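Participant: Following this message is one structure expressed as structure tokens.
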Amino acid sequence: MRRWCWRSLRAKERVAKVRLAKKRVAKKRVAGAGRRAVLAILGVTVWIVLALAHAQNTATPQNVNTKIQIHVIDGRTGNPIPYQHVLIFVTNDLHYPEASLINQTTDGRGIVDISTDYRYIQVFVDWHVLCVKHPNQIDYATSVVANKGVRSSDSCGKVEVNLQPGDLYIFARPRHWWEPTSRNSPLGSKVRNRTTLLTSFVSILD
């Protein structure tokens, strides 16, 4: 009788241990599934936040209006180029083939003052050739211009300038009669090219 009771107790202990082990395995599975679900939700949330941030950075203008003073300088002599028509293209995304056009004319000191909330700027001077290699591929970050000041390279000479925050120095020289006048900026599109031709004809009439 005692032996039978002892065996019965041992069997009950084994059954209890098996049940306890099964419960532990089940709890681990539930905990693992919960962690995986939390990680999946976290990953989706991070992806959405990054996508929204990228869309905001590329699709909308900057919140702060940036004041820029553009100095148009003859790269050979260092003299300002006064009363000259300037085409200024601004955009927020270099990969998006559209940009806004700002038509301005330099004052007697060869300066144009603008205020923009766009992130990138590109400048062309009518009837002049920019003193840079591949000028259609050169753009300037307005934030860098505002914080430090920027000068374009000068392949026409060795002009020195006193660079200040907010200054953008553009070096150019008069165009020779055999050089083309068309522009094909990476910031623009066919619409911009048509606008450029139209402004060139307007400048001729003026």
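Participant: Work out, step by step, the length gained on full extension between Asp113 and Arg19: first 0.36 nm times the residue separation, then minus their alpha carbon distance; give nm to one decimal.
Facilitator: Details: separation 94, 0.36 × 94 = 33.84 nm, distance 8.10 nm.
Roughly 25.7 nm would be gained on extension.
Participant: Could you calculate the contour length gain from Gln69 to Ser153, that is, 0.36 nm times the residue separation minus the distance between their Cα atoms, to one decimal place in nm? Before the final figure, lay out each step's value.
Facilitator: Details: separation 84, 0.36 × 84 = 30.24 nm, distance 1.72 nm.
Between Gln69 and Ser153, full extension yields 28.5 nm more.
Participant: Tell me, how many Å apart are the Cα centres for the range 165-181 and for the range 76-97?
Facilitator: For the range 165-181 versus the range 76-97, the Cα centre distance is 8 Å.
Participant: Ratio of the range 62-136's C-alpha Rg to 2.2 N^0.38 Å, to two decimals? Mind showing how you got there, number by number?
Facilitator: Numbers: Rg = 13.0 Å, N = 75, 2.2 N^0.38 = 11.3 Å.
For the range 62-136, the normalised Cα radius of gyration is 1.14.
Participant: What is the sum of charges around Val112, taking Lys and Arg as +1, Asp and Glu as -1, for the other residues whose C-beta is under 14 Å from the C-beta of Val112?
Facilitator: Numbers: positive: Lys67, Arg109; negative: Asp107, Asp113, Asp126, Asp167.
With Lys, Arg at +1 and Asp, Glu at -1, the neighbours total -2.
Participant: If each residue of separation counts as 0.36 nm, what is the full-extension length gain between Ala40 and Ala141 once their alpha-carbon separation is subtracted? Show your work: numbers first, answer last.
Facilitator: Values: separation 101, 0.36 × 101 = 36.36 nm, distance 3.70 nm.
Once the chain is fully extended between Ala40 and Ala141, it gains 32.7 nm.
Participant: May I pose another question? Show me, bin by bin at 5 Å from 0, the whole-percent P(r) of the range 66-195 based on Cα pairs.
Facilitator: Whole-percent P(r) values from 0 Å outward: 2, 11, 22, 25, 23, 12, 4, 0.
Bear in mind these aren't lab numbers, they're just calculated from the coordinates by the rules spelled out. For clarity, every value in this text was computed on a predicted model and none was experimentally measured. Don't worry about glycine lacking a Cβ; one is built from the backbone with ideal geometry, like all the others, and counts go over all protein chains shown.
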